Structures are given as structure tokens and as C-alpha cells.
Amino acid sequence: MTRTPLTKDSFLSNNNMPIFKSELTNGIELRILGSHDDPWFVAKDIATMLEYSNTEKAVRDHVDNDYILTYENYKKSRPNEMGGLKNESSLFPIIQSQTKLINEYGLYCLILRSKNEKAKLFQKWVTSEVLPSLRK
């Protein structure tokens, strides 16, 4: 597993977006925004790692809208967090305004509804390595 170090309550206030990879992710990076107690995951990363054939449909079908934000709405809902960014475009060069983010509950929705054999291993990785490392 690789990750960037975390030092503040908000990942973004420090121009720091945690990125995780493991042998379970087939080289795909799991990008996370938010704070230690309120992480938001790039939905496509999770759906791709779980090998959903249509990532947008998987998010639409399995995650309630209450647990989804577009990146644009995420920024609007957290002006203090986003205000600390000096160069947002270099931090998130491939996150577009309509990129979907899901909260921790949405993450569990995608994992638990996955029919992929690796979903249990992926869940174990997320719950034993990713989330604890965010909360340190």
C-alpha cells in the first residue's frame, strides 16, 4: 500500500489529497477528499476497483443520492476547506466539476452490493488499512 502522509484535520487545507493503492486495486489509485472524520471518495475509483462494468450505473443504482456529491457541490458545501487551496488545478488535475464523490456510507453501499469475489478482500483493505490510516 502507498499513501501520502496526513497531517491536518482537513486533507485539502494542506494541499494534500490522500491516494491509496494496493495489489487489490490493479494499479488504480483511490483518491480521497475531506477530513479525517468525513472522507469523500471518488466514486469512479471505488466502482472501477470493484470491477463494475458500468461505473456510473453502479453508483446510480447502488448509492442513494444523499451519499453522493459532485465535486462542484462538494466545493460549495465546504468553502472553508476549499479556501485553503493555493493551486486547486494542480492538486486535482483530473477531477472535473461533475466528478461524483461518495461518502463512507456510499462506499459501503458499493462494496456490499458488489458481486465481485474480491469485494470482501477490498472491504477488509478499506476497513483495516485505508480508513484507520485516515483517522490517525
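The values are calculated or read from the model by the stated rules, or taken from the named source; none is laboratory data. Computed from a prediction, not measured in an experiment: that's the story for all the values here. All Cβ positions, even for glycine, are placed from backbone atoms using ideal geometry, and neighbour counts span all protein chains on display.
Structural remarks
- The C-beta contact set for the range 121-133 (first residue touching a residue at least 60 places away in the same chain (Cβ under 8 Å) and within 10 Å of Leu24 (Cα to Cα), second residue hydroxyl-bearing (Ser, Thr, Tyr) and surrounded by 15 or more Cβ atoms within 10 Å (Cβ to Cβ), distance under 9 angstrom, 6+ apart or interchain) comprises Phe122/Ser22; Phe122/Thr25; Phe122/Ser114; Trp125/Ser22; Trp125/Thr25.
- Subset tally (residues that are assigned to a helix (DSSP H, G or I), closer than 15 Å to Val42 by Cβ and of a type outside the set (Val, Ile, Thr)) for the range 55-78: 8
- Scanning the range 33-44 for residues that are buried (at least 21 other Cβ atoms within 10 Å of the Cβ) and closer than 16 Å to Ile111 by Cα yields Trp40, Phe41, Val42, Ala43.
- Taking the criterion of being modelled with pLDDT of 90 or more, among the charged types (D, E, K, R) and not in a helix (DSSP H, G or I), the residues of the range 96-136 that qualify are Lys100, Lys115.
- One residue stands out among those in the range 54-75 that are hydroxyl-bearing (Ser, Thr, Tyr) and over 16 Å from Leu112 (Cα atoms): the one that is modelled with the highest pLDDT, which is Thr70.
- Some residue of the range 56-74 being buried (at least 19 other Cβ atoms within 10 Å of the Cβ) and within 15 Å of Leu131 (Cα to Cα): no
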